[in-house]
Amino acid sequence: MNAEVVVPTKRWITLPHALSFTLFVCSPALAQEAPSSKTKRLWTNDALERLTSRPLANASEASSLEGSTPASNRESYRRAKDPKWYGRQLQPLREELAKIDTDLRTLMQARKSGMGATGAVALDQEPEGVTTEGQVTALQERRTQLLGTIDELEELARHNAIVPGELRVDYGPEQPATLSGRNGSSSRKAKELENSLAEEKEHLKHARKEAELLRRDQELKKEQVYSNPEQPWRRSKLPELVGISSRLAEEQAEIQEAEQRIAGLQDQLEDFGRTSPSETDADAAAGSASANDAQENDEKHEVYWRKQFAAIDYKIRIAQTELDILQRELNLGLIQYDPNPATAMKESITRRKINERRKAIEDKKKETAELKKQRDDLEDALRHAGGPAGWARE
């Protein structure tokens, strides 16, 4: 029995873009013998041209889809992703580090050569240490702290995929975001963000002031307690120190929370300033603005006056507390020498700190009297406006 052998024929097809390949066309008998689950397709020149042009069409469609991405999918602004924020934070730290390095080189060179360092005490300066070695130690400790802070910021930038070269650029001072040019609900939202940011900054300022006063009060009470020659269990001021330490820890936690809220509001304000203003809801905002104004006029009386009196009472209370601390610090300075002998010798000659405290006491007394006068004027204004006297009390 003779076996029939089918030899495939070879044909060449010219393709565009100087692309060519070989097609093997088999006879029908061989095609029937080969098992295949797919239907064969005959490729022609026109079909291959359409195939080569398909990726370009897909790329254009993808680019058009990217351009039509809605604004809601846009990533919001975060300062942790902004290289300018890192640069502005690192610039003052690096400047202080460079100054410390210069001072250290000067002191080390003076100690090696014996020139430039004397035993004289500069009455118009406040040295970091009692001696040259002490000053070098203090500068080195400060340098270590600065390096740790810089390393933390650079590590945070690295985790947020910030290029190291962008951290060395001088971006200049930060410009405050101004959103006054917006209209409609956009301007109203921007105004609310700015008001919230101003309130949080004021709250942070008050918290820092209260923490400073607590710290000074704590130092004075420590001097009073530990200078007592009686046994520790007979000292009556220890519970007060524990209470002050607890309040100081609460103030520190409140300061951190306020700083985080301020950072979040600043990020929202920056993100809002980068978006385009919405013009679709300007008409809807016009009607609500008049309603808000009417509501503010209705609620202005009691809320407004109570807020004014609360603010002036807070200022008076803080001024009186600081005045009491200043007087106690002056009394302590009159009877106690500074542990630094160089500072004690300067104080015995110049009495600079004592004179500064006396001047601060006089200024604080004038400030307290002025604040009380402002409160009296505010009470007169409330009485002329026809408001009840109970609004002036907490």
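The values are calculated or read from the model by the stated rules, or taken from the named source; none is laboratory data. The structure presented is a predicted model; accordingly, all values stated were derived computationally and were not measured. In this analysis, Cβ positions are derived from the backbone assuming ideal geometry, glycine residues included, and neighbour counts consider all displayed protein chains. The protein model used for the area step is the full one, side chains on, heavy atoms only, and it has no ligands, DNA or RNA in it. Shrake-Rupley method; radii C 1.70, N 1.55, O 1.52, S 1.80 Å.
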Residue list for the range 164-180, filter: open to solvent by less than 70 Å² (accessible area, probe 1.4 Å) and either polar (S, T, N, Q) or at pLDDT below 65 (or both): Ala177, Leu179
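Residues are listed down the side, and each one gets a yes or a no for (1) assigned to a loop (DSSP other than H, G, I, E, B); (2) surrounded by 12 or more Cβ atoms within 10 Å (Cβ to Cβ); (3) of a type in the set (S, T, N, Q); (4) at pLDDT 95 or above:
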| position | (1), (2), (3), (4) |
| --- | --- |
| Ser290 | no, no, yes, no |
| Lys315 | no, yes, no, no |
| Arg328 | no, yes, no, no |
| Leu332 | no, yes, no, no |
| Asp377 | no, no, no, no |
| Gly387 | yes, yes, no, no |
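Which residues, counting only those in the range 342-354, are out of contact with any helix residue (DSSP H, G or I) (no Cβ under 8 Å at 6 or more places or on another chain) and either of a type in the set (D, E, K, R) or surrounded by 12 or more Cβ atoms within 10 Å (Cβ to Cβ) (or both)? Don't jump to the end; show me each part of the working.
Looking only at the range 342-354, we keep the residues that are out of contact with any helix residue (DSSP H, G or I) (no Cβ under 8 Å at 6 or more places or on another chain), and these are 342-345, 348-351.
Once the filter is applied, which keeps residues that are out of contact with any helix residue (DSSP H, G or I) (no Cβ under 8 Å at 6 or more places or on another chain) and either of a type in the set (D, E, K, R) or surrounded by 12 or more Cβ atoms within 10 Å (Cβ to Cβ) (or both), the range 342-354 yields Ala342, Thr343, Ala344, Met345, Thr350, Arg351.
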Any hit, the range 367-375, residues being of a type in the set (A, V, I, L, M) and either closer than 27 Å to Lys222 by Cβ or in contact with a strand residue (DSSP E or B) (Cβ under 7 Å, 6 or more places away or on another chain) (or both): no
Qualifying residue in the range 209-225 (condition: surrounded by 15 or more Cβ atoms within 10 Å (Cβ to Cβ), modelled with pLDDT under 85, out of contact with any Pro (no Cβ under 7 Å at 6 or more places or on another chain) and not polar (S, T, N, Q)): yes
Pairs with Cβ under 8 Å, 6+ apart, first in the range 252-281 and acidic (Asp, Glu) and at pLDDT 80 or above, second part of a loop (DSSP other than H, G, I, E, B) and loosely packed, with under 14 Cβ neighbours inside 10 Å: Asp267/Ser76
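Being at pLDDT below 65 and in contact with a helix residue (DSSP H, G or I) (Cβ under 7 Å, 6 or more places away or on another chain), is that true of even one residue in the range 52-69?
no
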